[in-house]
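Remarks on the structure that follows.
Please treat every number below as a calculation from the coordinates, not as lab data. Bear in mind the structure is a predicted one, so any value in this text is a computation, not a measurement. Methodologically, a virtual Cβ is constructed for each residue, glycine included, from the backbone with ideal geometry; neighbour enumeration extends over all protein chains shown.
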Amino acid sequence: MKVELETQVLEFVRRLPPDPKKLLRQALRDLERERGDIEPLEPPLEGFYRLAVAGYRVILSYPKAGVVRGEFAERRPLVYTLFEEEVLRRLGR
């Protein structure tokens, strides 16, 4: 599986302290082998998935066969609200 990461995900991981950064980087590498704590999201974010890593979440999409894209990353309590706002912004709403 090819892994693509949005700039926001790369910047979020880069700003983390060393231990969580290491955990998230390994989890993102594991996506190549389709491994990780991945679950589908419910409405209004259906069609997206979440990768859980400690107290962090990465929102994923599968834009085409053989590709997983890290769309957005944030701490667990904030990620769904912030990503929903980001999706609406992308859609121009």
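Which helices pass in the chain if a helix is a full DSSP H run, must span at least 20 angstrom along its long axis by Cα, and must have mean Kyte-Doolittle hydropathy not below -0.5?
Numbers: long enough: 76-90 (22 Å, -0.33).
Long hydrophobic helices here: 76-90.
Given a Förster distance of 25 angstrom, what is the FRET efficiency for Arg90 paired with Ile38, based on the Cβ-Cβ distance and rounded to 0.05?
Values: r = 22 Å, r/R0 = 0.88.
Rounded to the nearest 0.05, the efficiency is 0.70.
Calculate the dipole size of the chain relative to its Cα centre from +1 charges on Lys and Arg beta carbons and -1 charges on Asp and Glu beta carbons; express the result in debye to the nearest 20. Before the final figure, lay out each step's value.
On the way: 18 positive and 16 negative charges, 72 e Å.
That gives the chain a dipole magnitude of about 340 debye.
Would you mind putting 5-17, 46-58 in packing order, based on average other-beta-carbon counts within 10 Å, highest first? Spell out each step's value before the answer.
On the way: 5-17: 14.3, 46-58: 17.3.
Put in order of decreasing packing, that is 46-58, 5-17.
Spelling out what I want: for every residue of the stretch 34-40, take phi, set θ = phi - 60°, compute 6.51 cos²θ - 1.76 cosθ + 1.60 (Karplus), and round to whole Hz; glycine and proline get x.
6, 10, x, 7, 10, 9, x
What translational D, rounded to a whole number of µm²/s, comes out for the chain from Stokes-Einstein when the hydrodynamic radius is the Kirkwood one over Cα pairs, at 10 °C and 1.306 mPa s? Could the numbers behind the result be given before it?
Details: Rh = 13.3 Å.
Using the Kirkwood radius from Cα pairs, D works out to 119 µm²/s.
Helix-only estimate, please: 222 nm mean residue ellipticity of the chain, summing -39500 (n - 2.57) across DSSP H runs of length 4 or more and dividing by its residues, to the nearest 500. Present the calculation step by step, with values, prior to reporting the outcome.
On the way: 3 runs with 37 residues, N = 93.
Result for the chain, helices only: -12500 deg cm²/dmol.
Under a 5 Å amide H to amide H cut-off, with H placed in plane at 1.01 Å, what residues pair with Arg50 once short-range neighbours are removed?
Placed amide hydrogens put Glu39, Leu41, Leu60 under 5 Å from Arg50.
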